[in-house]
Every structure is written in C-alpha cells, then in structure tokens.
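The values are calculated or read from the model by the stated rules, or taken from the named source; none is laboratory data. Just so you know, these numbers come straight off a predicted model, no measurement behind them. Note: ideal-geometry Cβ built from the backbone for every residue, glycine included; neighbour counts use all protein chains shown. Note: areas computed on protein heavy atoms with side chains; ligands, DNA, RNA excluded. Shrake-Rupley method; radii C 1.70, N 1.55, O 1.52, S 1.80 Å.
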Amino acid sequence: MQHDKDSKATFYTCSCFSTDNVFLEEFKLHVRFLSEHQFRSDYQAVLRNLGCSTDTEFKDLLKKIEKEVERRRSLGVKSAERAAAIKEIYKPLHDHVYHLHESYMAPEFKQMVDYCRSDEASKEGLLSLMQTEAAGRVFRFPVFKKIFCDELIEEMEHFEQSRSPKGRPNTMNNYGILLNELGFDEGFIIPLREQYLQPLTSLLYHDCGGCYLDSHKAFMVKYDMHEDLDLSYHYDNAEVTLNVSLGKEFTEGNLYFGDMRQVPLSETACTEVEHKVTEGILHRGQHMHGALPISSGQRWNLIVWMRASQERNKLCPMCNKRPTLVEGEGFADGFTSDIGMSLLQNV
C-alpha cells in the first residue's frame, strides 16, 4: 500500500493548467489561452469557420475564457472552502458508502485482484479473466454489485438536493460531483486505487505509470435528457482512468475510443465500447475518447483519474513540457517536486 507515502508528499499543479486545454462547449473545441494576441492568431480563423463570425461574438468568447482561466487559478482555494462547508452542513443519507468494503465488489473484480496479488500473476493470466475491447488496451469488467451502485447514486442525489455548495468536475461536465469535497478520498477512493486498482494497472500499464499511481482526481458525472447528454472527444489529465457505469435506467450512451492524443482525428478510426451498469472501463488517460449521447433516462458514472508523479514530473501531459510547479491543495494535479520524489523513493 502507498497510503503512508501519499501523506508525506506535497502535490503540485503545473502552471499550464490555467491556460492550456480550455474546452469551448459551444464549438466542441479545446484551446490554449496565453493572451488575446496569441488566441486571435491561433484560433480566430478556426472559430470564424465554426460560427463565431463577428467581433462582438469573439470578444464575448474572450471574456468567457478569461473568466475560466481565473476560475482555475483559484480552484484549490475554492474547493477547500466548499469541502469545509460541506463537512459542516451536509448530513449523509448512507454513511457506509463513504468507506470501501470488499462486500461492495463484484466477485469477478475480487477474483482479478486476488490473482494480481498472487505470486504467479502475469499480464497474460490477468487478460484471461477480463473482457478486452477492440480499442487497444481498453478493458471492461464488473467492479461493484448493483445494490451498492444504487445506494451510491441515492447518496449523490441526496447531496444534489441539499443546500451544500457544489463544484463542477471539469469544464466538459456541467453536472456532477467532486468526491474529494464530499469526503470520499480517505475512506473510499484511496483504498480503491491502492488496494484494488494498482494491482491491475501494474500489470496492464507498467509502461505509463501503472506501477506508481500515487494520486488521483475522482468525481461523478451525470447524463440526463434535460442536462448533459454526451461527452465530446477528449483525453484525460491522468495516466490511467477508470470509468464505472453506476446506473440508473438509460439507453444508448456507449463510449468510443480513437487513438492516442498525438494522432490526428483525421487519421483515426473510432471504436465503440459498450458500457453496462456495474462495469468499469479501464484505459490510458491519453487515449482519446468520448461518450455517445443517451437517448432516454438518466446515467451516473464514477470517474477516477489516476496519476503517477514519477511519469508526469518528467513531462506535463497537458503542455508536453517539463512542468513548472505551483503548489496546490490535496492531490492537486499529481506532480511532486524533485525533492519530494527523492523522499518518496527512500521511504
């Protein structure tokens, strides 16, 4: 387990996270914003072709982006303030769901984890226990029992209806819940990452940080006929991602995968992956993907972005440069200082 190590590390954000990969929902476009001059030079022609045709529309868009950049710069402080307020005023509906227990797990998932912990564990043996998809290195398997999924959704809906402050998971999901603010990290997400997921990722993704996952960002997303229906093509700020479909009743809404983010979309053939309730999809964070629209009902997903500072300290996955570090709250964006890494390796 890494829990003791995690508590001794200071995690950082790369300074590029304020300015790189800003998602413009109305144009389904990811952009970088350093200055108005840079933005006009890089994107004005593209945006004009997408329908942002007048100078007034462009200036309104600039104001929106500047507001988002400022929001990101104050994200850690605002998140800590919300977490403190939630702890003070929110009364959970199901206290037990905040603490991971093996009884919540699907038998197939427990079998895979037990195998990975055994002396004879190998990648080939693990692959024989799970569903591999046509998309490269994308894996599907049951994670939780249905009764637990139902109770977790009930807890999320109870929180939604409360007067507690709520933050957006990211710029692409307008509806969802940041699980660290609700108090899920210590008793649920950290044990899930350390005790259950890392045995799998160490075999499946050893070449991209799967052996060294030392932080995460975990959140719920919700798709509804009157809210978000789908999720545009993107990559995650993670080395490895777990996406679990929790319910409720819905139709359509499968995931689709392209290639790694360095490959242009024009050179990519996308592959659809079915996503059933109780099942998780495990994939590399840099693997481009999206979610097709649901056609009825409502769907909740648990997303865990898992990060390996040993990988991202060398190269920021968002700006493709050596990261310039800014200290953050909690796990921040999963970077550690060189000094911090030396301390961790000597523990």
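Using just the helices of the chain, give the 222 nm mean residue ellipticity in deg cm²/dmol: DSSP H runs with n ≥ 4 each add -39,500 (n - 2.57), and the total is spread over all residues, rounded to 500. Don't jump to the answer; show the numbers that get you there.
On the way: 11 runs with 109 residues, N = 347.
For the chain, the value works out to -9000 deg cm²/dmol.
Enumerate the calculated ³J(HN,Hα) couplings along region 155-161 in order (Karplus 6.51 cos²θ - 1.76 cosθ + 1.60, θ = phi - 60°), each rounded to whole Hz, writing x wherever the residue is Gly or Pro.
5, 5, 5, 4, 5, 3, 7
Across the Cα atoms of the chain, what radius of gyration and what greatest pairwise Cα-Cα distance (Dmax) are found, in Å?
20.0, 65
Which log10 I(q)/I(0) values, to two decimals, does region 230-341 give at q = 0.17 Å⁻¹ under the Debye formula with one point per Cα?
After summing over all Cα pairs, the log10 values are -0.88.
What spacing in nm lies between the two simple spin-label points modelled at Ser296 and Gln44, each 7 Å away from Cα in the Cβ direction?
4.9 nm
Out of every Cα-Cα pair in region 143-204, what percent are more than 12 Å apart? The partial results should precede the final answer.
On the way: 1434 of 1891 pairs.
The answer is 76 percent, as a whole percent.
Give me the angle, in degrees from 0 to 90, between the Cα long axis of helix 36-49 and the longest principal axis of the Cα atoms of the chain, rounded to the nearest 10.
Its long axis makes an angle of about 90 degrees.
Using alpha carbons only, how many degrees (0 to 90, rounded to 10) separate the axis of helix 107-117 from the longest principal axis of the chain?
It is inclined by approximately 80 degrees.
Just give me a number: lysine pairs in region 68-209, eight or more positions apart or cross-chain, with C-alpha atoms less than 28 Å apart.
16
Please give the helix 55-73 orientation as an angle from the longest Cα principal axis of the chain, in degrees from 0 to 90, rounded to the nearest 10.
40 degrees
Tell me, what is the percent relative contact order of the chain, built from C-alpha pairs under 8 Å that lie six or more residues apart? Please report the intermediate quantities before stating the final value.
Numbers: 630 pairs, mean separation 84.2, N = 347.
In percent, rounded to a whole number, it is 24.
Of Met156, Phe144, Ala106, which is farthest along the charge dipole of region 80-178 in the positive direction, counting Lys and Arg as +1 and Asp and Glu as -1 at C-beta?
The residue sitting most towards the positive pole is Met156.
In whole percent, how big is the carbon plus sulfur part of the accessible area of region 2-101, probe 1.4 Å, protein atoms only? If you can, show how the numbers build up before the last one.
On the way: 3100 of 5970 Å².
Result for region 2-101: 52 percent of the exposed heavy-atom area is carbon or sulfur.
How big is region 1-159 by the Kirkwood estimate over distinct Cα pairs, in Å? List each step's numbers first, then the result.
Details: mean 1/r = 0.0476 Å⁻¹.
Across region 1-159, the inverse of the average 1/r is 21.0 Å.
Considering all alpha-carbon pairs of region 275-336, what whole percent are spaced by more than 19 angstrom?
On the way: 917 of 1891 pairs.
More than 19 Å apart: 48 percent of the Cα pairs in region 275-336.
Could you give the accessible area per residue of the chain, probe 1.4 Å, as a whole number in Å²? Could the numbers behind the result be given before it?
Values: 16160 Å² over 347 residues.
Heavy-atom SASA per residue in the chain reads 47 Å².
Which FRET efficiency, nearest 0.05, do Lys166 and Glu102 yield, Cβ-Cβ r, R0 30 Å? Don't skip to the answer; put the middle values down first.
Numbers: r = 30 Å, r/R0 = 1.01.
Efficiency, from the Cβ-Cβ distance: 0.50.
So if we plug the beta-carbon distance of Arg32 and Cys270 into 1/(1 + (r/R0)^6) with R0 = 30 Å, what FRET efficiency do we get, rounded to 0.05?
Working: r = 24 Å, r/R0 = 0.81.
Computed FRET efficiency for Arg32 and Cys270: 0.80.
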